[in-house]
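Visitor: One structure, as C-alpha cells, below. Some questions next.
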Amino acid sequence: MPRASFTFLNHACFIVRTDGALLVADPWLEGAVFDNAWALVDPSSSDEALIDILNGAGVPVYIWCSRATPDRLALPFLRRFRAEFRGIATFLYRPGRDMRLGEELRRLRLPVAECPDGATVGLAGGLRLTALSNGDGDTACLIGAGGRHILSLGERALPTIAACQALLPRIGQLAPRIDLLLTSFGQMGWCGNPDSFTVREVAAKAAVERLAAQIERLRPRLVVPVASFARFARADNAWLNGGRLAPRELLETARLENVRGLVRFMAPGDTIDLLRDTPASMAARHEAALEHWSSCWRNRPPPLPRPPPASLGELKAAFSRYREHVAEGLHVLPWLFEAFGLVRPLLLHLPDLRQNVELSYRHGLRLRPRANVDHPAAHIAMFSGTALRLITAADGFETAYAGGCFWTLRRSGLSTFGRFFLPQRMGRRGADRRRPLAMGGLLWRALLGRMARQLQAALR
C-alpha cells in the first residue's frame, strides 16, 4: 500500500512525502528575517537538518514557495541548498502580479517550474499541486498525496466567511474533501501603536473568527495550525506580541468550542500518517505539542537591538539615491504623482535624533519643525536606523511594514506611508518601464483602492 506522510518543520514550513517524491513548503527554519524584526518562536530547527533530510530522501524533491518574502523564501536557505544539495530538485511557484519570486530563483540558477493559478500540476511520486491565488500576492495551495488532499492557506487566505464560501466551488471541483487543513491563528505585521492594546485584541479575535469560519465552511477531517510560530523580535516592535494568543489560549476560546476536536497542534519534527492518523490518534502528540509551545511562549529571549542610528546627512544622501533609482524605472511618474496629489510628501519623526523630516519626490529630504499649532504632526515615527533601511533597501517598505518597527502619529499616517512608497513597491514587483502593462495594472488598482477609501469615508 502506498505511503503518504506530513511532517511539520517550523512556522509555515512542512514536508509532504510519498514513496516516490518529497515536497517541502516555505522553508524558513533559522535566523531572523525582515531586518531582525521577526524570529522563530522555537529556534531549534535548522537549514542543515532539512538539507540532510533532502539529501537522504533518494527521491525527486520539490520546494513550494507561496510568496516572495523572507519568511517564505529565506535566501540563506536557498544559498545553502544550492551549495549542498546533491539530488534532483525543482522549485515551484505561482506566476502572478509579483514577479520577484521567479526572478530570484532564476538569479540563483535554481530549477523552477510555474504553477498557474487553478491548474493542477502533476509531480513525481503521485504528488499533485494546485496553486490558488488569494488576490494579495499570496498563494494558497491544494496538495494531493496518496489519495489525500491537503489545503494550505497560510495566514492571509480566506479571511472571511464570504471568501470561504466563494472558494468552495473551486475546491469541490479539485477535491472531494479536505483531509488536512493548514491555516494560521495569529496576526503578523503592524497592528497598532504601543498603547493600542485594544487593536491587537480585536485582531486576535478576528484571527480566531477566521479559523472557525474556515473550519465550518471547508469541513476538513483534521486541522493543523501553521504560519503562526514567529514573534516580533526587536526592541522597537516587541509590543506587537501583546494580545497574541498562545496555542492553548486559542483552543480555550468559546468560538472554537464546536470545532476544537478537529484542531491538532504539532511540534517541529512531528509526523503524521495521512492515510491512517485521525484527530483521535493524534491526541497524545497534540498535548505534548501544546506543552512545547506553551514553554516557548513563556520563555522568550530578550529583544534584539534596533539598527544603529543614522545621521541626517546619511538619510539625505540615501533619499537622493532613492529618488534617482525610482526615476530610472518610472521616469517622472513619482514626481507627477506628488504634483497632482496622488501621493503626498511623507512627514517622518525620528525620535532618536529629535527631528522631523519631510520626504518628497519633488523636493528631496527636508527638515521640518516639531509639531505645534502651525505645523501638523508627522505621519509616522521610527528610529533613524530603521528609516535608513526603509530608504536604501529594495524591499524597504515591505520590511518596515511587516516588521512593524514604527508607529503612527496621525489617523492618515498609515495610508500616507503606504502610498508614498508605491513607486518602491512597483519597482520591487517589476511593474516599471520594463513591463508597462504590469505598471499600468498596478496603478489602476491603486487608483481604484483610493477611490474606494474616499467613498467609504464620505459614507461614514
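Visitor: Determine the pairs where a residue that is more than 18 Å from Val223 (Cβ to Cβ), located within the range 280-298, has a partner that is open to solvent by less than 80 Å² (accessible area, probe 1.4 Å) and part of a helix (DSSP H, G or I) with Cβ atoms under 7 Å apart, the partner being 6 or more residues away or on another chain.
Guide: That search, which allows pairs on different chains as well, returns Ser294/Arg248.
Visitor: Now for a different question. Looking at Gly31, Gly56, which is the one that is more than 20 Å from Glu104 (Cα to Cα) and among the small types (Gly, Ala, Ser)?
Guide: Working: Gly31 fails: more than 20 Å from Glu104 (Cα to Cα).
Exactly one of Gly31, Gly56 is more than 20 Å from Glu104 (Cα to Cα) and among the small types (Gly, Ala, Ser), namely Gly56.
Visitor: Which of the residues belonging to the range 241-254 are of a type outside the set (Asp, Glu) and either at pLDDT below 95 or under 19 Å from Ser295 (Cα atoms) (or both)? It would help to see each step written out before you state the result.
Guide: Keep residues of the range 241-254 that are of a type outside the set (Asp, Glu), which gives 241-248, 250-251, 253-254.
Within the range 241-254, Asn241, Gly242, Gly243, Arg244, Leu245, Ala246, Pro247, Arg248, Leu250, Leu251 meet the criteria.
Visitor: Of all residues in the range 19-36, how many are in a loop (DSSP other than H, G, I, E, B) and either of a type in the set (S, T, N, Q) or over 13 Å from the mean Cα position of the chain (by Cα) (or both)?
Guide: Residues in the range 19-36 being in a loop (DSSP other than H, G, I, E, B) and either of a type in the set (S, T, N, Q) or over 13 Å from the mean Cα position of the chain (by Cα) (or both): 9 in total.
Visitor: Can you go through Leu347, Leu390 and tell me which one is closer than 30 Å to Ser196 by Cα, surrounded by 22 or more Cβ atoms within 10 Å (Cβ to Cβ) and in contact with an Asp or Glu (Cβ under 6 Å, 6 or more places away or on another chain)?
Guide: Working: Leu390 fails: in contact with an Asp or Glu (Cβ under 6 Å, 6 or more places away or on another chain).
Selected residue: Leu347, the only one of Leu347, Leu390 that is closer than 30 Å to Ser196 by Cα, surrounded by 22 or more Cβ atoms within 10 Å (Cβ to Cβ) and in contact with an Asp or Glu (Cβ under 6 Å, 6 or more places away or on another chain).
Visitor: Name, by its number, the condition in (1) assigned to a loop (DSSP other than H, G, I, E, B); (2) open to solvent by 10 Å² or more (accessible area, probe 1.4 Å) that does not hold for Pro220.
Guide: Looking at each condition in turn, Pro220 falls short on (2).
Visitor: Can you find a residue that is polar (S, T, N, Q) and closer than 30 Å to Tyr401 by Cβ anywhere in the range 17-27?
Guide: Of the range 17-27, the ones polar (S, T, N, Q) are 18.
Pick out the ones that are also closer than 30 Å to Tyr401 by Cβ and you get none.
No; the residues of the range 17-27 include none that is polar (S, T, N, Q) and closer than 30 Å to Tyr401 by Cβ.
Visitor: Could you run through the range 63-110 and say how many residues are under 19 Å from the mean Cα position of the chain (by Cα), at pLDDT 90 or above and among the acidic types (Asp, Glu)?
Guide: Residues flagged as under 19 Å from the mean Cα position of the chain (by Cα), at pLDDT 90 or above and among the acidic types (Asp, Glu) within the range 63-110 amount to 1.
Visitor: Please work out if Arg170 is open to solvent by 60 Å² or more (accessible area, probe 1.4 Å), free of Cβ contacts under 8 Å to residues at least 60 places away in the same chain and assigned to a loop (DSSP other than H, G, I, E, B). Steps first, answer last, please.
Guide: Numbers: open to solvent by 60 Å² or more (accessible area, probe 1.4 Å): yes; free of Cβ contacts under 8 Å to residues at least 60 places away in the same chain: yes; assigned to a loop (DSSP other than H, G, I, E, B): no.
Considered against the rule, which asks whether it is open to solvent by 60 Å² or more (accessible area, probe 1.4 Å), free of Cβ contacts under 8 Å to residues at least 60 places away in the same chain and assigned to a loop (DSSP other than H, G, I, E, B), Arg170 comes out as no.
Visitor: Among the residues of the range 151-164, are any open to solvent by less than 10 Å² (accessible area, probe 1.4 Å), of a type in the set (Asp, Glu) and at pLDDT below 90?
Guide: There is no residue in the range 151-164 that is open to solvent by less than 10 Å² (accessible area, probe 1.4 Å), of a type in the set (Asp, Glu) and at pLDDT below 90.
Visitor: Here's something else I'd like to know. Looking at Ala378, is it open to solvent by less than 70 Å² (accessible area, probe 1.4 Å), closer than 19 Å to Ser311 by Cβ and in a loop (DSSP other than H, G, I, E, B)?
Guide: Values: open to solvent by less than 70 Å² (accessible area, probe 1.4 Å): yes; closer than 19 Å to Ser311 by Cβ: yes; in a loop (DSSP other than H, G, I, E, B): yes.
For Ala378, the condition - open to solvent by less than 70 Å² (accessible area, probe 1.4 Å), closer than 19 Å to Ser311 by Cβ and in a loop (DSSP other than H, G, I, E, B) - is met.
Visitor: Taking the range 301-343 as the search range and keeping residues that are over 20 Å from Cys405 (Cα atoms) and among the hydroxyl-bearing types (Ser, Thr, Tyr), which one is surrounded by the most Cβ atoms within 10 Å (Cβ to Cβ)? Explain how you work it out, then say what you get.
Guide: Restricting attention to the range 301-343, the residues satisfying the condition of being over 20 Å from Cys405 (Cα atoms) are 313, 316-317, 320-343.
Then keep just the ones that are among the hydroxyl-bearing types (Ser, Thr, Tyr); that gives 320, 322.
Details: Ser320: 13, Tyr322: 23.
Result: Tyr322.
Visitor: Any residue in the range 29-36 that is touching a residue at least 60 places away in the same chain (Cβ under 8 Å) and open to solvent by 50 Å² or more (accessible area, probe 1.4 Å)?
Guide: Yes: the range 29-36 contains one or more residues that are touching a residue at least 60 places away in the same chain (Cβ under 8 Å) and open to solvent by 50 Å² or more (accessible area, probe 1.4 Å).
Visitor: A further question follows. Is it fair to say Ala212 is part of a helix (DSSP H, G or I) and open to solvent by 30 Å² or more (accessible area, probe 1.4 Å)? Explain how you work it out, then say what you get.
Guide: Details: part of a helix (DSSP H, G or I): yes; open to solvent by 30 Å² or more (accessible area, probe 1.4 Å): no.
For Ala212, the condition - part of a helix (DSSP H, G or I) and open to solvent by 30 Å² or more (accessible area, probe 1.4 Å) - is not met.
Visitor: Is it true that Leu54 is of a type in the set (A, V, I, L, M, F, W, C), under 22 Å from the mean Cα position of the chain (by Cα) and surrounded by 19 or more Cβ atoms within 10 Å (Cβ to Cβ)? First the steps, then the outcome.
Guide: Details: of a type in the set (A, V, I, L, M, F, W, C): yes; under 22 Å from the mean Cα position of the chain (by Cα): no; surrounded by 19 or more Cβ atoms within 10 Å (Cβ to Cβ): yes.
It is false that Leu54 is of a type in the set (A, V, I, L, M, F, W, C), under 22 Å from the mean Cα position of the chain (by Cα) and surrounded by 19 or more Cβ atoms within 10 Å (Cβ to Cβ).
Visitor: Which one of the conditions (1) part of a strand (DSSP E or B); (2) buried (at least 22 other Cβ atoms within 10 Å of the Cβ); (3) of a type outside the set (D, E, K, R); (4) over 18 Å from the mean Cα position of the chain (by Cα) does Ala113 fail to meet, given that it meets all the rest?
Guide: That leaves (2) as the condition not met.
Visitor: Output the residues belonging to the range 333-364 that are assigned to a helix (DSSP H, G or I) and closer than 17 Å to Arg321 by Cα. Show your work before the answer.
Guide: As a first pass, look at the range 333-364 and keep what is assigned to a helix (DSSP H, G or I): 333-339.
Answer for the range 333-364, where residues must be assigned to a helix (DSSP H, G or I) and closer than 17 Å to Arg321 by Cα: Leu333, Pro334, Trp335.
Visitor: Another question, then. Note down all Cβ pairs under 8 Å where the first residue falls in the range 54-73 and is more than 21 Å from Ala39 (Cα to Cα) and in a loop (DSSP other than H, G, I, E, B), the second is hydroxyl-bearing (Ser, Thr, Tyr) and open to solvent by 20 Å² or more (accessible area, probe 1.4 Å), and they're at least six residues apart or on different chains.
Guide: Here the result reads Pro60/Thr90, each pair linking the range 54-73 to a residue that is hydroxyl-bearing (Ser, Thr, Tyr) and open to solvent by 20 Å² or more (accessible area, probe 1.4 Å).
Visitor: Which number in (1) within 20 Å of the chain's Cα centre (by Cα); (2) open to solvent by 20 Å² or more (accessible area, probe 1.4 Å); (3) more than 30 Å from Asp277 (Cβ to Cβ); (4) touching a residue at least 40 places away in the same chain (Cβ under 8 Å) marks the one condition that Gln187 misses?
Guide: (3)
Visitor: Still on this structure: Return only the number of the condition from (1) surrounded by fewer than 22 Cβ atoms within 10 Å (Cβ to Cβ); (2) assigned to a loop (DSSP other than H, G, I, E, B); (3) in contact (Cβ under 8 Å) with a residue 24 or more places away in the chain that Thr416 does not satisfy.
Guide: (2)
Visitor: How many residues are under 20 Å from Glu338 (Cα atoms) and either among the β-branched types (Val, Ile, Thr) or open to solvent by 10 Å² or more (accessible area, probe 1.4 Å) (or both) if we restrict to the range 350-374? So that I can check it myself, show each step before the final result.
Guide: In the first step, residues of the range 350-374 are kept if they are under 20 Å from Glu338 (Cα atoms); the result is 356-368.
Still in the running and either among the β-branched types (Val, Ile, Thr) or open to solvent by 10 Å² or more (accessible area, probe 1.4 Å) (or both): 356-358, 361-363, 365-368.
Qualifying residue count for the region: 10.
The values are calculated or read from the model by the stated rules, or taken from the named source; none is laboratory data. Everything quoted here is computed from the prediction, not taken from an experiment. Positions of Cβ are backbone-derived with ideal geometry, glycine not excepted, and every protein chain shown enters the neighbour counts. For accessibility, only protein heavy atoms count, side chains too; no ligands or nucleic acids. Shrake-Rupley method; radii C 1.70, N 1.55, O 1.52, S 1.80 Å.
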